[in-house]
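The values are calculated or read from the model by the stated rules, or taken from the named source; none is laboratory data. Note that the structure is predicted; figures quoted are calculated from it, not measured. Every residue, glycine among them, receives a Cβ derived from its backbone with ideal geometry; neighbour counts consider all protein chains shown.
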Amino acid sequence: MIPTPEERLTLAQHSRVGVLLHEKDTLRVLWANERACEMFKYNVDELRSLKAHHMSSQERPYRRENGVAWLHSAALYGSSRKRWKYQDAEGRDFLTEAVATIVPLRSEEVIMVEMRLVSEGDEPIESTEWVATSLERIMSHTAAGVLVLDINNQVERASPYAAGLFNFTADGIIGQNLSDLGATDPGISEDELRAPITHPQGRVNFRMKVSVGNQDLRWLACYLENVEIEESTYRVLTVRDITDRVEAEKREEAQRSQLQYLSRYNAMGDMAMVMAHDLGQPLAASLNFLSGLKARISTPPFDPEKLNYGIEMVEKQLKRASEIVASAKRYVRRIESTTAEFSLPATVEESLYFVRLRAEEEGVAVNADLGAKPLTMTGESVLIGQVIINLCMNAIDEIRRPETAVKQLDIKLTEYGGMASIAVSDQGRGMQTVPADQLAAGAFSTKKDGSGIGLILSEHIAQRHGGTILFTPNQPQGTTATLSLPLHVSAKDA
């Protein structure tokens, strides 16, 4: 005889184990059986109106955030056990051995918490009777995604939905080995999955990809836990279909790769521009000095001091050209850099080297105030440097206009509340005529042939690092572009 849904509810009401049902997302109480009401000394309606901190002990280990983390762990991995101290209507604490399990109902998933009273001095529950009862209860309520494996990782029992996720029937999957059902990701070997068997409380989380057609894949989040019953060890595997989430992660990774490519492509273009702009002047000057030297040597008598001066000037100009090339090489080599902790003031200063070269060419003074604090952040320093260069180059293009009276670029680095802000200011025409939503997105350009792609990339890079770019009016006129980024928090500061 298989109990009907109504009979299952009756069985739950008569259980000597307290049962609470929580809404998966908000964690509010949806229902409680009679035993749970006895424990809390509240009726079901009263329990529904309570907040988490009203139901738990006020002691530090049982604070709300710890309870929320426990229930969220159950929602993520399928099941989670914890010793938890609750508080009843009279303010008395009572300690329980509690198991939180994700349960699929007809309309939604809920979190079921089963509570068994224990004493303060009791050791954590190891009773085979309790474990066996819990295992059966889990199998009953989480039939949407549970497999029971033997010590060789072969399926002994399966819920219909779990079997279906692997393209089997509940009977057909019996005897199948876990390694034959799909590929683990990352590549966890069968030996690695079997290794925790020596520790009855061992558990492992992993992903599996299962072929569901000629080309389609299904991704499963797997939570494997060891359970001892009458001197035998079984493996309880909870599986959840996360195909949509994995596909979203892949799309995000593809977008991130595209952003990296575009950003680095843009960086290479800027380096080419720097080479074209800034090598021209020292090379032209060297050519002029060499022409002068050639004229003096061919027209004796010549003055040795003037020849030495000319040679020194050529050396100086060629050395400057060499420095420009060396800096560009260093920058380009770092274009393939990976995420790491770096000094923000050092990255700004390195970027300003190229900014000053361009500014000098255009007759623009650069004032930089980077402060004295050793500000650090985590990310890709070359991409952050590219954003700074982009903002400064745009400002220089505005400052170099004939109608801009103040030929000055101001850069200021400040820190407040764990955020660093790099403000790039000019006193040009300002951007009062540009729509605010376009400013926020960076999808604009005041250049005649500009597409705004540089600012779009800059905005994406800032967002990727958890930051923002904000354009505001400068005083008395012009524009201030502010790049704000979260700073690295060390363990001692956390």
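Right, Val210: modelled with pLDDT of 85 or more and either β-branched (Val, Ile, Thr) or not assigned by TED's automatic domain parsing to the domain that holds Glu114 (or both) or not?
When the stated conditions are applied, Val210 passes them.
If you take the residues in segment 136-149 that are surrounded by fewer than 18 Cβ atoms within 10 Å (Cβ to Cβ) and either under 36 Å from the mean Cα position of the chain (by Cα) or modelled with pLDDT of 80 or more (or both), which one is farthest from Glu97 (Cα to Cα)?
So, considering only residues that are surrounded by fewer than 18 Cβ atoms within 10 Å (Cβ to Cβ) and either under 36 Å from the mean Cα position of the chain (by Cα) or modelled with pLDDT of 80 or more (or both), the one farthest from Glu97 (Cα to Cα) is Ala143.
For (1) surrounded by fewer than 19 Cβ atoms within 10 Å (Cβ to Cβ); (2) of a type in the set (A, V, I, L, M); (3) at pLDDT below 70; (4) closer than 18 Å to Ser458 by Cα, each residue gets a yes or a no:
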residue	(1), (2), (3), (4)
Trp219	no, no, no, no
Ile229	yes, yes, yes, no
Val236	no, yes, no, no
Arg251	yes, no, no, no
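Considering only segment 335-346, I want to know if a residue exists there that is modelled with pLDDT of 85 or more and of a type in the set (A, V, I, L, M).
Yes, segment 335-346 contains at least one residue that is modelled with pLDDT of 85 or more and of a type in the set (A, V, I, L, M).
When you go through Leu290, Leu279 one by one, which is the residue that is outside the structural domain of Ile411 (by TED's automatic domain parsing) and at pLDDT below 80?
Step by step, each of Leu290, Leu279 is checked, and only Leu279 is outside the structural domain of Ile411 (by TED's automatic domain parsing) and at pLDDT below 80.
Where residues in segment 157-173 are surrounded by fewer than 16 Cβ atoms within 10 Å (Cβ to Cβ) and at pLDDT 85 or above, which of them is nearest to Met208 (Cα to Cα)?
Asn167
Quick one: in segment 410-429, of everything that is in a loop (DSSP other than H, G, I, E, B) and surrounded by fewer than 15 Cβ atoms within 10 Å (Cβ to Cβ), which residue is modelled with the highest pLDDT?
Restricting to residues being in a loop (DSSP other than H, G, I, E, B) and surrounded by fewer than 15 Cβ atoms within 10 Å (Cβ to Cβ), the top hit is Gly418.
Look at segment 28-74 and say how many of its residues are of a type in the set (D, E, K, R) and assigned to a helix (DSSP H, G or I).
Residues in segment 28-74 being of a type in the set (D, E, K, R) and assigned to a helix (DSSP H, G or I): 9 in total.
Looking at segment 81-90, which of its residues are under 17 Å from Arg63 (Cβ atoms) and either touching a Phe, Trp or Tyr at 6+ places or on another chain (Cβ under 7 Å) or outside any strand (DSSP E or B) (or both)?
Of everything in segment 81-90, those that are under 17 Å from Arg63 (Cβ atoms) and either touching a Phe, Trp or Tyr at 6+ places or on another chain (Cβ under 7 Å) or outside any strand (DSSP E or B) (or both) turn out to be Lys82, Trp84, Lys85, Tyr86.
Does any residue in segment 71-98 that is within 13 Å of Val113 (Cβ to Cβ) and at pLDDT 90 or above come within less than 7 Å, Cβ to Cβ, of a residue that is assigned to a loop (DSSP other than H, G, I, E, B) and among the polar types (S, T, N, Q) six or more places away or on a different chain, and which pairs are these?
Partner pairs satisfying both residue conditions: Tyr86/Ser57.
Note down all Cβ pairs under 8 Å where the first residue falls in segment 1-23 and is over 17 Å from Arg116 (Cα atoms), the second is surrounded by fewer than 13 Cβ atoms within 10 Å (Cβ to Cβ) and modelled with pLDDT under 75, and they're at least six residues apart or on different chains.
If the second residue must be surrounded by fewer than 13 Cβ atoms within 10 Å (Cβ to Cβ) and modelled with pLDDT under 75, the pairs left are Pro3/Leu11.
Leu27: in contact (Cβ under 8 Å) with a residue 60 or more places away in the chain, on the phi > 0 side of the Ramachandran plot and either out of contact with any Lys or Arg (no Cβ under 9 Å at 6 or more places or on another chain) or of a type in the set (D, E, K, R) (or both), yes or no?
Criteria met by Leu27.
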